[in-house]
Structure formats: C-alpha cells, structure tokens
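The values are calculated or read from the model by the stated rules, or taken from the named source; none is laboratory data. What you see is a predicted model; the values in this text were computed from it and never measured. Here the Cβ is made from the backbone with ideal geometry for all residues, glycine too, and neighbour counts use every protein chain on show. Areas reflect the complete protein model, heavy atoms only, side chains present, ligands, DNA and RNA absent. Shrake-Rupley method; radii C 1.70, N 1.55, O 1.52, S 1.80 Å.
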Amino acid sequence: MFLTLEGVEGSGKSTLAQHLAGRLEQRGKTVLHTREPGGCLLGRDIRALLLDSGRAVEPRAELYLFLADRAQHVEEIIRPALGRGEWVICDRYADSTIAYQGAGRGMNSDWLQRLNDDATGGLWPDITFLLDLPEELGLERALRRNAESGLGKTEGRFEAETLAFHHRVRQGFLARAEAFPRRFNILDASLPPENVAEAAWNELIRHGFIEG
Ligand code: TYD
C-alpha cells in the first residue's frame, strides 16, 4: 500500500505520518515511513542543495533535482518496500512538484505530469491525504518549527518565498485533489492533530485499506 501526505509547509504531515505508522504497526503491518526530498542516501545530498536558503537555484534546475531525488528514491526504497508487501508512507511526492513547481513557479502541469511519470516509472500512490490549511497559518507554524530547531538557515529556502507563492501552492494542491477525487482525501489541517489523525484513519477504513 502506497500512501502519500501532501500540503503546504507546516500542515502537520510528519506528525500524521508518525501517528498512522504507529497505528498500522499495532495492527501488525510493516511500515516504511519516508519523505521527499531526502528519502535515500543520494537524496540527502540533493535535499541539502535544494533547501539551503543561501543558494540560488534556477527553477528548471530545482525541478530536475526534485525529479532526480524521486527517481532514485522510487527505485532504491519505495518499489522494493512495496514488493515486500509493506505499507509505504511518504511525506511529499510527485503532487508536491505539480503544486510547487507547477502552480507555484508557473510550469506547465501536463508536462510536469509526464516528467513525473517518467521519473517514477508510472508509480502513483494508492491514496493521498491533502492536509489543507490557510497558507499564513502553515507558514507561521513552519517558521516557528525552523527557529526552534535551528533549521531556518539550512532548510528555509521555500519558507522564504512570498505568501502569494504559498497561496498558489495551496490552490495547486486543491486543484489536484479535484482532478483526482478517488485518490485524494482532503483533511482540515487547522484542527488539532488528534482530530486530523482520526479523520485519516476513518478514511483508510472507508476505502477498505484496513479493517474497521
Ligand atoms: P520539507 O521540509 O520536506 O517540507 P515541510 O516544510 O512541509 O516539512 O521541505 C521540502 C520543501 O520542498 C517544501 O517547501 C516543498 C518543496 N518541494 C517542492 O517544491 N517540490 C517537490 O517536488 C517536493 C517533494 C518538495
């Protein structure tokens, strides 16, 4: 089972991933919790290049770095885990490229879809949770988190983008959810984390991915 979590910065994706992983493991499932960018060894170096706020990266170079990270991650980590029958929970995946590089940076989404098909060998998630919340709120949470963990300088390049950019990204995600209603589930990420987790769990039951 391949599950991805998407949303603007600070929407609580990793908290939800940890919660779901724990709950699935209690049910005896083997879970691989991973993320993009940076879910494999090569990807950790790519992540550092991509998120460093002190580095200028051309939009096209940025796009190909995300795709390179994804191609390696799918081949080395995700496909093998799915092949072993595990649950893969991935914090961000190809829909992030379509929201950030597409809606955010203005690249053509059909072209991005084809590039992602190529980079992943056509691997798309079985289910995607979109943690939706107003971009102001998410950004505020993400900046607070970065300040607390000291990550602001090394990983702050996207948080430093304008509010208008993050607004376009949020709209991009919502448009994606509308285009793929069977795969996407929108969760209200402004609710307390326990409520978001409960809603996500109920969706997994409703889809028949786990027993109620
Ligand atoms: P990350 O720390 O993983 O996100 P978050 O702040 O939500 O925890 O940072 C990844 C950043 O990279 C995030 O700002 C979104 C961006 N991104 C893209 O622009 N395109 C992509 O394809 C992916 C996977 C991420």
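Rank LEU82, LEU131, LEU20 by mean-square fluctuation in a GNM of the chain with C-alpha springs under 10 angstrom and give only the top-ranked residue.
Maximum fluctuation in the GNM of the chain, among the listed residues, is at LEU82.
Calculate the length of the line joining the C-alpha centroid of segment 53-77 to that of segment 94-152, in whole Å.
Spelled out, the Cα-based centre of one part sits 12 Å from the other.
Per residue, how much accessible area does segment 105-188 have with a 1.4 Å probe, in Å²?
Result: 53 Å² per residue.
Return the long-range amide H neighbours of ILE186 (sequence gap of 5 or more, or a different chain), with a cut-off of under 5 Å between placed amide H atoms.
Counting only residues 5 or more places away or on other chains, the set is LEU130.
Give the ranking of GLU198, GLU155, GLU62, GLU75 by solvent-accessible surface, highest area first, calculated with a 1.4 Å probe.
Correct descending sequence by accessible area is GLU75, GLU198, GLU155, GLU62.
Within segment 52-160, what whole-number % of the accessible surface is contributed by carbon and sulfur, with the 1.4 Å probe and all protein chains included in the calculation?
Using a 1.4 Å probe with all protein chains present, segment 52-160 comes out at 50 percent carbon and sulfur.
Return a whole-number percent for the relative contact order of the chain, with Cα pairs under 8 Å and 6 or more residues apart as the contact set.
Here the relative contact order equals 33 percent.
Identify, among GLY121, PHE2, GLY172, the residue whose Cα sits farthest towards the positive end of the charge dipole of the chain, taking +1 on the Cβ of Lys and Arg and -1 on the Cβ of Asp and Glu, with the dipole about the Cα centre.
Farthest towards the positive end: GLY121.
At 1.4 Å probe radius, can you tell me the per residue accessible area of segment 1-85 in Å²?
It amounts to 47 Å² per residue over segment 1-85.
If the label point is 7 Å along Cα→Cβ of ARG27, which residues in segment 69-103 have backbone nitrogen under 15 Å from it?
Within reach of a label on ARG27: 86-89.
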